[in-house]
Amino acid sequence: MISSVPQSLEFANSLATSFGNLGVTLGTTVGGWMIITKGVEFNPWIGVVFGILAFIMIGVRSLLERREKTVVLCGE
């Protein structure tokens with residue numbers, strides 16, 4: 001995120017912190033909801049789902065960065 005906006009590092013850093021807090025809140029909420037509705041034995045599966053989603057997002061970002069570099073190189 002910081003590399004996306006090099007001219008405003010403070011803003012990018014605050015966004016990273018905010019999204020980290022959002023992730024903790026979302027994970028806690030979903031985990032608590034699963035404990036209440038299904039029981040504690042399903043919480044590891046929720047962790048696996050969130051882990052897979054995280055890897056998918058990493059892959060998407062990597063793909064978008066590669067595509068952006070290709071467009072910039074072809075445009076020169």
Which ones in region 17-50 are open to solvent by less than 70 Å² (accessible area, probe 1.4 Å) and either of a type outside the set (V, I, T) or touching a Ser or Thr at 6+ places or on another chain (Cβ under 7 Å) (or both)?
S18, G20, G23, G27, G31, G32, M34, G39, N43, G47
Which of the residues that make up region 51-70 are open to solvent by 100 Å² or more (accessible area, probe 1.4 Å) and of a type in the set (A, V, I, L, M, F, W, C)?
F55, M57, I58
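The values are calculated or read from the model by the stated rules, or taken from the named source; none is laboratory data. Just so it is clear, the structure is predicted and the values come from calculations on it, not from any experiment. Neighbour counts run over all protein chains shown; Cβ positions are idealised from the backbone, glycine included. For accessibility, only protein heavy atoms count, side chains too; no ligands or nucleic acids. Shrake-Rupley method; radii C 1.70, N 1.55, O 1.52, S 1.80 Å.
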